[in-house]
Structure formats: C-alpha cells, structure tokens
1. Mind listing whichever residues of the range 9-27 are open to solvent by less than 80 Å² (accessible area, probe 1.4 Å), touching a strand residue (DSSP E or B) at 6+ places or on another chain (Cβ under 9 Å) and part of a helix (DSSP H, G or I)?
2. Taking the criterion of being open to solvent by 50 Å² or more (accessible area, probe 1.4 Å), of a type outside the set (D, E) and in a helix (DSSP H, G or I), would at least one residue in the range 67-75 satisfy it?
3. Would you confirm whether or not the range 28-44 contains a residue that is open to solvent by 40 Å² or more (accessible area, probe 1.4 Å), among the charged types (D, E, K, R) and in a loop (DSSP other than H, G, I, E, B)?
4. Is there any pair linking a residue in the range 30-49 that is over 22 Å from V64 (Cβ atoms) to one that is among the small types (G, A, S), with Cβ under 7 Å and at least six apart or on different chains, and which?
5. Of the residues A54, A63, only one is surrounded by 16 or more Cβ atoms within 10 Å (Cβ to Cβ) and either touching a Lys or Arg at 6+ places or on another chain (Cβ under 8 Å) or on the phi < 0 side of the Ramachandran plot (or both); which?
6. What's the total number of residues in the range 31-68 that are touching a helix residue (DSSP H, G or I) at 6+ places or on another chain (Cβ under 8 Å) and small (G, A, S)?
7. Could you give me the residue pairs with C-beta distances under 6 Å whose first residue belongs to the range 56-76 and is of a type in the set (K, R), whose second residue is in a strand (DSSP E or B) wherever it lies, and which are 6+ apart or on separate chains?
Amino acid sequence: MRELLESIARALVDYPDEVFVNEIQNEKSIILELKVAKDDMGKVIGKQGRIAKAIRTVVKAAAVKDNRRVVVDIIQ
C-alpha cells in the first residue's frame, strides 16, 4: 500500500523528491501518513478534496485484497 500511495503522490506533485509516506501498522489496520511539499498540498487535496478522496478510494480498494483497513492521512 505504501508504494502505491507514493507512486500516485509522486505523479501528482511538482516536487516528487519531497513525498514521504509513514506507515503505522496495527493488527487489522494500517495508517499511511502522506507528507508533501507545502506548495504541492493543493495538488494532492484537489478542489473540495476530490483528489484526496480518489487517492483514498484507490488505496482502500487495494487493501481489500489483504483483508486490511487502510487510513490515508495527508499531513504537513
């Protein structure tokens, strides 16, 4: 899941070298914290959060195969 999120985020931003994903695992869930450059925040979130919602949907769909719950947090 981490690699998927990183590749999606790197494709969207102007500064792909500043994309970092922190992974926190529990028994049944994974929390992925996405951190991008300050100038790229709008590109990752999108208008009214549409891109962020789409990213979360894709990552959650990939997690269904592993019977895991994934939460994607976009942080500064």
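The values are calculated or read from the model by the stated rules, or taken from the named source; none is laboratory data. All values reported here derive from a predicted model rather than from experimental measurement. Here Cβ is always computed from backbone atoms with ideal geometry, including for glycine, and neighbour counts include all displayed protein chains. To get the accessible areas, we keep the full protein, side chains included, count just its heavy atoms, and leave off ligands, DNA and RNA. Shrake-Rupley method; radii C 1.70, N 1.55, O 1.52, S 1.80 Å.
1. Scanning the range 9-27 gives a single hit, A9.
2. Kept after step one, since they are open to solvent by 50 Å² or more (accessible area, probe 1.4 Å), are these residues of the range 67-75: 67-69, 73, 75.
This time we only want the ones that are of a type outside the set (D, E), so: 67-69, 75.
Still in the list and also in a helix (DSSP H, G or I): none.
No, the range 67-75 contains no residue that is open to solvent by 50 Å² or more (accessible area, probe 1.4 Å), of a type outside the set (D, E) and in a helix (DSSP H, G or I).
3. Residues of the range 28-44 that are open to solvent by 40 Å² or more (accessible area, probe 1.4 Å), as a first pass: 28, 31, 33, 35, 38-39, 42-43.
Subset that is among the charged types (D, E, K, R): 28, 33, 35, 38-39, 43.
Right, trim to in a loop (DSSP other than H, G, I, E, B) and you get 28.
Yes, that holds for at least one residue.
4. V36/A9; V44/A9; V44/A52; I45/A52; G46/A52
5. On the way: A54 fails: surrounded by 16 or more Cβ atoms within 10 Å (Cβ to Cβ).
Result of the check over A54, A63: A63.
6. Of the residues in the range 31-68, 4 are touching a helix residue (DSSP H, G or I) at 6+ places or on another chain (Cβ under 8 Å) and small (G, A, S).
7. R56/V72; K60/V70; R68/I30; R69/S29
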